[in-house]
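The values are calculated or read from the model by the stated rules, or taken from the named source; none is laboratory data. None of the values given here were measured: they were computed from a predicted structure. Glycine gets a Cβ as well: all are built from the backbone with ideal geometry, and neighbour counts include every protein chain shown.
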Amino acid sequence: MDARILGIHDTAMAAAASYGGALSRRRLRELGISRDEVRLQVRQRRWVAHGRWTIATHTGELSTLARRWRAVWEVGERIAVLDGPTALQQSGLERWKDDAIHVSVPHTAAVRPVDGVVVHKVRSRPESLPLRGDLPTVRPAPAAVRAAHWAVSDRQAALVMVMPVQQRLCMGTEILEAPQMVRGRTRRAFIARVAGDIALGAQALGELDFAVVCRQYGLPEPSRQVIRHGARGRIYLDVRWECGLVGEIDGAGHRWGLAVMDDNLRQNALSIQGDTVLRIDLLGLRIAEEQFMRQVVTAHARLSGGVRRAG
């Protein structure tokens with residue numbers, strides 16, 4: 001390998017380190033590496049082309065970062081940004097599996113299909129959305145709302161909205177505001193309700209709302225905000241029936257920090273006093289209402305000596 005070719009290779013390798021081992025043809029030109037020199041490196045199997053615009057400066061598999069850069073370069077560097085679940089993963093979301101790379105482009109853009117990339121045409125993408133940095137990435141809160149619109153089910157939509165808040169990638173108030181910035185075509189009302197649940201906690205489900213649900217399942221209206229006394233002082237119950245059935249409606253905050261410990265102590269104290277406690281997480285009530293309420297109906301019937309069964 002002569003000095004010129006060696007110098008080109010070393011220059012490209014150094015520059016590609018920031019992109020996960022790949023460079024765009026545009027960036028190669030900016031480095032002073034001509035099209036013919038790129039073609040020579042590819043022909044001699046030192047580099048590999050991954051599409052029209054992406055060149056890997058090695059012959060192995062593309063890294064995750066390089067694959068995401070490739071998605072932006074191949075779809076269009078001036079129009080494409082990582083969005084939805086991919087933007088969340090780029091921002092640090094853990095325990096979420098999605099091998100496809102999601103990017104959004106303006107709805108008027110004409111783009112070619114790119115292998116492994118899901119292109120979403122969107123009408124609203126305010127300038128304030130992309131994070132600052134080299135790789136164009138939508139901020140976590142609006143990315144979560146986008147991902148919820150693109151989810152395959154309400155269950156997945158709720159999960160992808162609550163996980164970024166639980167993992168401290170954004171605040172609940174940001175999730176609450178995001179639906180006003182990015183308005184998708186699907187499950188708008190559901191996303192707005194879930195955003196309120198995440199941001200405001202159990203109080204987002206008003207007392208009258210739960211009373212309506214109870215009536216729909218043939219249950220008498222429970223008492224609300226009942227005060228009991230435990231070893232640690234007063235205990236405020238979300239709902240309680242005279243038969244001794246307690247319903248605790250947990251917002252997203254009940255899964256963070258010491259809240260789980262406090263909830264366990266409170267539930268144990270109520271059980272010792274003879275109450276039966278059913279825990280209902282607020283998001284669960286949104287996406288699995290029938291299953292939860294079937295349990296409530298069954299427990300109420302058993303404790304009150306009735307024969308009612310959930311339909």
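Quick notes
- Selection from the stretch 88-142 of residues that are under 18 Å from the mean Cα position of the chain (by Cα), among the hydrophobic types (A, V, I, L, M, F, W, C), crowded, with 18+ Cβ neighbours inside 10 Å and assigned to a loop (DSSP other than H, G, I, E, B): 93, 129
- Evaluation of residue 62 against (1) part of a loop (DSSP other than H, G, I, E, B); (2) aliphatic (A, V, I, L, M); (3) crowded, with 21+ Cβ neighbours inside 10 Å (one fails), failing number: (3)
- Residues of the stretch 43-57 satisfying the condition of being surrounded by 13 or more Cβ atoms within 10 Å (Cβ to Cβ) and at pLDDT below 95: 46
- Positions within the stretch 176-193 being under 14 Å from residue 142 (Cα atoms) and touching a helix residue (DSSP H, G or I) at 6+ places or on another chain (Cβ under 9 Å), in sequence order: 176, 177, 178, 179, 181, 182, 183, 184, 188, 191, 192
- Applying the set (1) of a type outside the set (A, V, I, L, M); (2) assigned by TED's automatic domain parsing to the domain that holds residue 280; (3) part of a loop (DSSP other than H, G, I, E, B); (4) surrounded by 14 or more Cβ atoms within 10 Å (Cβ to Cβ) to residue 220 leaves exactly one unmet item: (4).
- Verdict on residue 41 being farther than 25 Å from residue 110 by Cα, part of a helix (DSSP H, G or I), in contact with a Phe, Trp or Tyr (Cβ under 7 Å, 6 or more places away or on another chain) and not assigned by TED's automatic domain parsing to the domain that holds residue 131: yes
- In the stretch 143-155, the residue that is farthest from the chain's Cα centre (by Cα) out of those that are part of a helix (DSSP H, G or I) and more than 12 Å from residue 191 (Cβ to Cβ) is 155.
- One residue from 156, 166 being of a type in the set (S, T, N, Q), modelled with pLDDT of 90 or more and on the phi < 0 side of the Ramachandran plot: 156
- Tabulated pairs, the stretch 93-104, first in the same structural domain as residue 74 (by TED's automatic domain parsing) and more than 10 Å from residue 167 (Cβ to Cβ), second part of a strand (DSSP E or B) and among the basic types (Lys, Arg), C-beta under 9 angstrom, 6+ apart or interchain: 104/121
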